[in-house]
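The values are calculated or read from the model by the stated rules, or taken from the named source; none is laboratory data. Because the structure is predicted, anything quoted here is derived from the model rather than measured. So basically every Cβ, Gly included, is an ideal-geometry build from the backbone, and we count neighbours across all protein chains shown.
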Amino acid sequence: MTTLPRLAPLALLLVAAAPAADSGQTVRQTAKGAYVIGSPTAPVKLIEYGSYTCSHCADFAEKSAPVLKGQMIPSGKVSLEYRHLIRDPADLGAAILARCGGARGFAGAHAMIFATQATWLDKAGAYQQAHPDIAAKPLIVQARSYADASGLTAAMLKRGLTPAKVNACFADKAEVARITAMTGDAPIEVNSTPTFYINGELQPPAGWDKLEPALRAKGAR
C-alpha cells in the first residue's frame with residue numbers, strides 16, 4: 001500500500017455533474033464531490049480512497065477491471081465510489097482532468113489515467129527534475145504544469161475536452177477545494193492508498209485478490 005501524509009484541505013476546484021450512462025453503468029456525483037459508478041440501489045457499496053500517482057491503485061484498477069467493472073457493477077449488485085486522496089501536485093492535476101468532463105466522461109478518463117500511469121508519471125518526474133523551481137509555485141500552477149508536461153492534458157483533448165474547458169476546470173477554485181477536501185475529510189484510519197470500505201466497513205489493506213472474495217461474501221456477482 002502507498003502511505004501518504006494527511007493533508008489539510010486546500011482552498012482552491014471541478015464540474016457539477018448530472019447522471020449519465022457509461023457502458024450501461026450509471027455515474028453520479030455525491031454531495032461532497034466523489035463520483036459513484038453503478039446503480040444507486042446496488043446492495044454492495046464499495047468505497048475506494050485512491051490516488052492517481054499511486055502504483056498500487058493502478059495495479060488494483062488493472063486487475064479488478066474485468067470482474068468489478070465488467071461484471072459486478074453492470075449486474076447492479078455493486079457500486080464503486082471513488083474518493084480522491086491527493087498526494088502531490090501531479091495527482092491533483094490528474095484528478096482535475098479526470099473530472100473535467102463531468103459524470104459522462106469520468107469512468108473512461110479515470111480508467112485511462114490509471115492504465116497509462118507509468119508513461120505519464122515518468123514524464124512528470126522528468127519535468128520535475130528539469131524544473132526544480134516548480135515546488136515554489138502555487139499548487140494549482142504546479143498541478144497544471146504537471147498535467148501539461150506529462151501528456152495528460154493532450155490525452156484528454158483527444159478524448160473530447162476542449163482547451164477552453166480544460167482552462168475552466170483548472171480555474172474553478174471552488175471545485176479544486178472539493179477535490180482536496182476529500183483528503184482532509186477522510187477518516188483517521190485512511191492513511192494509505194488504496195483504502196477500501198465495503199458497506200461502510202473498513203477493509204484490511206489488500207489488493208484485488210483479497211477484496212474480490214470480500215465483495216462476494218457480501219453478495220457481489
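Contact map, the range 31-52: residues that are of a type in the set (D, E, K, R) paired with residues that are buried (at least 17 other Cβ atoms within 10 Å of the Cβ), Cβ distance under 6 Å, separation 6+ or inter-chain. Pairs shown: Lys45/Ser79; Glu48/Tyr82; Glu48/Pro194; Glu48/Phe196.
Determine whether Thr193 is of a type in the set (S, T, N, Q) and modelled with pLDDT of 95 or more. So Thr193 passes the test.
When Phe170 is tested against (1) more than 18 Å from the chain's Cα centre (by Cα); (2) farther than 25 Å from Asp59 by Cβ; (3) among the aromatic types (Phe, Trp, Tyr), only condition (1) is not met. If the condition is being part of a loop (DSSP other than H, G, I, E, B) and either of a type in the set (A, V, I, L, M, F, W, C) or under 12 Å from the mean Cα position of the chain (by Cα) (or both), then the range 73-93 contributes Ile73, Leu85, Ile86, Arg87. Checking each residue of the range 121-128 against the condition of being more than 12 Å from the chain's Cα centre (by Cα), modelled with pLDDT of 95 or more, polar (S, T, N, Q) and farther than 25 Å from Ala220 by Cβ gives at least one match. Counted as qualifying within the range 131-205 are the helices (runs of 4 or more DSSP H) with 3 or more residues that are surrounded by fewer than 15 Cβ atoms within 10 Å (Cβ to Cβ), namely 152-158, 163-171, 173-184.
Checking Ile96 against (1) outside any loop (DSSP other than H, G, I, E, B); (2) hydrophobic (A, V, I, L, M, F, W, C); (3) surrounded by fewer than 23 Cβ atoms within 10 Å (Cβ to Cβ), only one condition comes out false. Which one? That leaves (3) as the condition not met.
When Lys45, Lys63 are checked against the criterion of being under 18 Å from the mean Cα position of the chain (by Cα), basic (Lys, Arg), closer than 18 Å to Thr193 by Cβ and at pLDDT 95 or above, a single residue qualifies: Lys63.
Does the range 109-124 contain at least one residue that is assigned to a strand (DSSP E or B) and buried (at least 18 other Cβ atoms within 10 Å of the Cβ)? No, the range 109-124 contains no residue that is assigned to a strand (DSSP E or B) and buried (at least 18 other Cβ atoms within 10 Å of the Cβ).
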